[in-house]
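Below: the structure, in C-alpha cells.
The values are calculated or read from the model by the stated rules, or taken from the named source; none is laboratory data. Just so it is clear, the model here is predicted, and its values are computed rather than measured. Cβ sites come from the backbone with ideal geometry, for glycine too, and all protein chains shown count toward neighbours.
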Amino acid sequence: MVILQKDLAADFEQFCRLNPQSCPLLAVLPPGSKEPITLAKGADITTDLPKYRIYRGGRQTEEVRQTHLCVASLYSLFLHSDTLNSGF
C-alpha cells in the first residue's frame with residue numbers, strides 16, 4: 001500500500017498503470033477515505049495493517065508495528081488449529 005500527498009497521486013497512478021506487472025494498482029481511495037470498499041469492505045487502512053513504514057523526502061523515517069493485530073491473528077490460528085491440522 002502506498003499513501004501519497006494529493007499532488008503526487010495522479011503521477012503515481014499513471015506510473016502504476018504503465019507498469020502493471022511490477023506495480024499493480026488494486027484500488028485508489030479518495031482523499032480521507034479509510035475503507036478500501038472494492039478490496040475489503042469494512043476494513044480500515046489506518047488500523048488493519050500489522051506493520052507499515054513512513055517515508056519523508058525519499059527516506060524512511062518511521063516503522064510502525066501494530067502488535068495487537070499479530071496477537072489477534074495468533075489467537076485466531078489457535079482457535080482453528082484443529083481445522084488447519086485436518087487439511088480443512
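Below is a table of values for the structure above.
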quantity: Selection within the range 1-54 - touching a Cys at 6+ places or on another chain (Cβ under 7 Å) and of a type in the set (A, V, I, L, M); calculated: Leu25
quantity: Verdict on Leu26 being aliphatic (A, V, I, L, M), outside any strand (DSSP E or B) and surrounded by fewer than 11 Cβ atoms within 10 Å (Cβ to Cβ); calculated: yes
quantity: Residue in the range 54-69 that is of a type in the set (Asp, Glu) and out of contact with any strand residue (DSSP E or B) (no Cβ under 9 Å at 6 or more places or on another chain) present; calculated: no
quantity: Residue under evaluation Gly42, criteria (1) at negative phi; (2) without any contact (Cβ under 8 Å) to a residue 40 or more places away in the chain, criterion not met; calculated: (1)
quantity: Considering residues of the range 43-88 that are of a type in the set (Val, Ile, Thr) and in a helix (DSSP H, G or I) only, the residue modelled with the highest pLDDT; calculated: Thr67
